[in-house]
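See below for the structure under consideration.
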Amino acid sequence: MLKPTIVLLGAVLLAGGAALAKLPAPTAEEQAAKAASKAKQEEQLKKEKADLERAQDRVVQHYKKSKSASSTGASGGSGQQTQPETMPKTTSEPTGSVGPKPDRPVSGEAHSAPAK
């Protein structure tokens, strides 16, 4: 029993030492490549940010243009009220007319046995 415990303890200490070991410092070439990559990413980020701002400005201009056109009546609805016969059933029924009542109890189908 003592021998497997010692072997296991040795393996844990070996793995712990490997986990705590430090890597060597990067070389000058690696540091230069990392700096170049970072500069390239920043440049790409600036380009994407400028593209996003232009797209947002176009959307705002389109919105303002279409909003002013719709306020003059050129596009959009006619401003008339929807006819009651074209309204959905749930909005055209009076309040309290939907659902179970004492004279119309809950459907038995909803509480029947599960489908086979």
- Note on the structure: Checked Lys22, Lys65, Lys47 against criteria (surrounded by fewer than 10 Cβ atoms within 10 Å (Cβ to Cβ) and modelled with pLDDT of 75 or more); the one match is Lys22
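If you go through region 1-18 one residue at a time, do you hit one that is of a type in the set (Lys, Arg), in a helix (DSSP H, G or I) and surrounded by 10 or more Cβ atoms within 10 Å (Cβ to Cβ)?
No.
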- Message: It is to be established whether one or more residues within region 83-97 are surrounded by 10 or more Cβ atoms within 10 Å (Cβ to Cβ), part of a loop (DSSP other than H, G, I, E, B), modelled with pLDDT of 65 or more and out of contact with any helix residue (DSSP H, G or I) (no Cβ under 8 Å at 6 or more places or on another chain).
- Response: yes
- Could you check, for region 101-116, whether at least one of its residues is in a loop (DSSP other than H, G, I, E, B), surrounded by 10 or more Cβ atoms within 10 Å (Cβ to Cβ) and at pLDDT below 65? no
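The values are calculated or read from the model by the stated rules, or taken from the named source; none is laboratory data. Worth saying up front: this structure is predicted, and the values here are computed from it rather than measured. Neighbour counts run over all protein chains shown; Cβ positions are idealised from the backbone, glycine included.
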